[in-house]
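Here is the structure we will look at.
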């Protein structure tokens, strides 16, 4: 029986192309195992709108989820992890960058009204821990309080803010319920 030239030469088939914003199968398995919580108190996964591909100025896509809630609603850690940075910037306003316990993904929380009083950079956080409160800081419309939530692959330690976004909606499996910490 003759083998094809590719098989004889030991060539492997080309890997399947990676679609921007979509997790690979190994990333999907990992993220599903994390059982991410909706990061806004009182919101069920079915209530999270699909705003990931919503258009933005300049022909961009949103590449995050906007979860509307009344101003001051607790924002919860979506996963167990550690607070990488707490920053304020013109677009996101008051923000938090959290890294998951496996150091593979970064969760970005933006437009916060304020941080939880117990939060600090380097702090380990539990899933469901209150880390901040819904607001309209940054470029959010003043009359539309919401949490801008983004999931990114961690590119490296030096550029923790610049990972490739992945649509978090398929991985939000638990309703937002405060854990009692924070």
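Looking at this structure, is residue 162 under 13 Å from the mean Cα position of the chain (by Cα) and more than 19 Å from residue 31 (Cβ to Cβ)? Let's see the steps before the verdict.
On the way: under 13 Å from the mean Cα position of the chain (by Cα): yes; more than 19 Å from residue 31 (Cβ to Cβ): yes.
Yes: the conditions hold for residue 162.
Can you pull out every residue in region 71-91 that is under 18 Å from residue 129 (Cα atoms) and either touching a helix residue (DSSP H, G or I) at 6+ places or on another chain (Cβ under 6 Å) or part of a strand (DSSP E or B) (or both)?
74, 75, 76, 79, 81, 82, 83, 84, 85, 86, listed by residue number.
Go through (1) modelled with pLDDT of 70 or more; (2) assigned to a loop (DSSP other than H, G, I, E, B); (3) closer than 30 Å to residue 120 by Cα one by one and return the number of the condition residue 50 breaks.
Exception for residue 50: condition (3).
Within region 152-163, count every residue that is surrounded by 14 or more Cβ atoms within 10 Å (Cβ to Cβ) and either assigned to a loop (DSSP other than H, G, I, E, B) or touching a residue at least 60 places away in the same chain (Cβ under 8 Å) (or both). So that I can check it myself, show each step before the final result.
As a first pass, look at region 152-163 and keep what is surrounded by 14 or more Cβ atoms within 10 Å (Cβ to Cβ): 152-154, 160-161, 163.
Now restrict to residues that are either assigned to a loop (DSSP other than H, G, I, E, B) or touching a residue at least 60 places away in the same chain (Cβ under 8 Å) (or both): 153-154, 160-161, 163.
Of the residues in region 152-163, 5 are surrounded by 14 or more Cβ atoms within 10 Å (Cβ to Cβ) and either assigned to a loop (DSSP other than H, G, I, E, B) or touching a residue at least 60 places away in the same chain (Cβ under 8 Å) (or both).
Please find, among 20, 45, 39, the residue that is in contact with a strand residue (DSSP E or B) (Cβ under 9 Å, 6 or more places away or on another chain) and either modelled with pLDDT under 60 or surrounded by fewer than 10 Cβ atoms within 10 Å (Cβ to Cβ) (or both). Working first, answer last.
Details: 45 fails: either modelled with pLDDT under 60 or surrounded by fewer than 10 Cβ atoms within 10 Å (Cβ to Cβ) (or both); 39 fails: either modelled with pLDDT under 60 or surrounded by fewer than 10 Cβ atoms within 10 Å (Cβ to Cβ) (or both).
Of 20, 45, 39, the one residue that is in contact with a strand residue (DSSP E or B) (Cβ under 9 Å, 6 or more places away or on another chain) and either modelled with pLDDT under 60 or surrounded by fewer than 10 Cβ atoms within 10 Å (Cβ to Cβ) (or both) is 20.
The values are calculated or read from the model by the stated rules, or taken from the named source; none is laboratory data. These numbers were taken from a predicted model, which means no experiment stands behind them. Using ideal geometry, Cβ is built from the backbone for each residue, glycine included, and neighbour counts are taken over all protein chains shown.
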